[in-house]
Amino acid sequence: MIDININMTQFADIDRECLALCCCMKESGYERVISVGLKPKHFFDNKHQMIFEAMGSAYHKNTNLDELSISDELGIMDKLESSGGLMYLMEISSKTTSAAHAEREAGVVKELAIKRGIVNRCVSVIQNAPDKSLTSSDIISDTIDFLSKAGQVNKRSKIYNMEELVQIGKDDIADKLNRRAKGDELTTGYAGID
């Protein structure tokens with residue numbers, strides 16, 4: 001197996017995680033954070049994962065998301081000490097932010113988690129490449145499936161195969177030629193066609 005060491009802290013922002021948690025403690029902040037799809041697993045810091053999980057539990061009990069209710073929930077989960085305790089919750093809640101920033105902060109935390117997932121998958125591909133039971137097609141197919149799912153989670157990107165890209169190009173050229181024939185557009189923008 002190939003040994004690869006990557007400093008994953010470069011794909012984390014602990015301050016942003018604290019701000020996202022702080023936003024949750026503001027009125028309607030938790031709803032705004034979960035609207036982005038943020039989950040405990042998206043937090044890099046294990047303490048933040050536990051705190052966000054406790055927030056979700058308290059929220060579903062219709063409890064206010066303040067330091068005391070969250071620390072009570074962490075106590076029930078037997079995670080109060082390992083999550084930093086009441087003093088750490090007070091430190092997080094003292095961050096100056098409002099619920100208006102909830103989606104932005106949660107989005108940054110989630111985006112970094114997706115990047116960590118992609119890096120981990122790439123490392124796995126490299127480490128498994130010497131496995132003689134896997135063909136290059138197996139590795140490529142598995143990687144494309146993973147990246148496609150990551151793109152769907154991110155809701156920003158789509159993985160195209162070569163045939164799709166060629167078809168998109170052909171459609172674009174045909175559209176530009178049609179516009180040119182109608183006089184809607186003077187040039188196609190493609191060298192050798194104009």
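The values are calculated or read from the model by the stated rules, or taken from the named source; none is laboratory data. Everything numeric here is computed off the predicted structure, so don't read it as measured data. Cβ sites come from the backbone with ideal geometry, for glycine too, and all protein chains shown count toward neighbours. All accessible areas refer to the heavy atoms of the entire protein, side chains included, with ligands and DNA or RNA removed. Shrake-Rupley method; radii C 1.70, N 1.55, O 1.52, S 1.80 Å.
Condition first: farther than 27 Å from Met8 by Cβ, in a helix (DSSP H, G or I) and in contact with a Gly (Cβ under 7 Å, 6 or more places away or on another chain). Can you find one or more residues in segment 76-96 that meet it? No; the residues of segment 76-96 include none that is farther than 27 Å from Met8 by Cβ, in a helix (DSSP H, G or I) and in contact with a Gly (Cβ under 7 Å, 6 or more places away or on another chain). Taken as a whole, the structure leaves Asp45 outside the set of residues that are charged (D, E, K, R), open to solvent by 70 Å² or more (accessible area, probe 1.4 Å), at negative phi and without any contact (Cβ under 8 Å) to a residue 40 or more places away in the chain.
Against the test of being touching a Leu at 6+ places or on another chain (Cβ under 6 Å) and either over 27 Å from Asn120 (Cβ atoms) or at pLDDT 95 or above (or both), the options Lys61, Lys79, Lys95, Lys26 yield a single qualifying residue, Lys95. Output the number of residues of segment 52-65 satisfying the condition of being part of a loop (DSSP other than H, G, I, E, B) and either on the phi > 0 side of the Ramachandran plot or open to solvent by 60 Å² or more (accessible area, probe 1.4 Å) (or both). Total satisfying the criteria: 3. For segment 66-83, the condition holds for at least one residue, the condition being that it is under 23 Å from the mean Cα position of the chain (by Cα), of a type outside the set (Phe, Trp, Tyr) and surrounded by 15 or more Cβ atoms within 10 Å (Cβ to Cβ). Looking only at segment 121-164, count how many residues are loosely packed, with under 13 Cβ neighbours inside 10 Å, of a type in the set (Gly, Ala, Ser) and modelled with pLDDT of 75 or more. Number satisfying all stated conditions: 5.
Find all pairs meeting these conditions: Cβ atoms under 7 angstrom apart; at least six residues apart or on different chains; first residue within segment 1-22 and touching a residue at least 24 places away in the same chain (Cβ under 8 Å); second residue part of a helix (DSSP H, G or I) and among the charged types (D, E, K, R). What qualifies is Met8/Arg116; Phe11/Lys115; Phe11/Arg116; Arg16/Glu105; Leu19/Glu105; Ala20/Glu105. Hey, Ile168 hits all of (1) surrounded by 15 or more Cβ atoms within 10 Å (Cβ to Cβ); (2) modelled with pLDDT under 90 but one; which does it fall short on? Evaluating Ile168 over (1) surrounded by 15 or more Cβ atoms within 10 Å (Cβ to Cβ); (2) modelled with pLDDT under 90 leaves (1) as the failure. Whenever a residue of segment 106-119 is among the basic types (Lys, Arg), its partners that are assigned to a helix (DSSP H, G or I) and surrounded by 17 or more Cβ atoms within 10 Å (Cβ to Cβ), lying with C-beta atoms within less than 7 angstrom and at least six residues away or across chains, give the pairs Lys110/His42; Lys115/Phe11; Arg116/Phe11.
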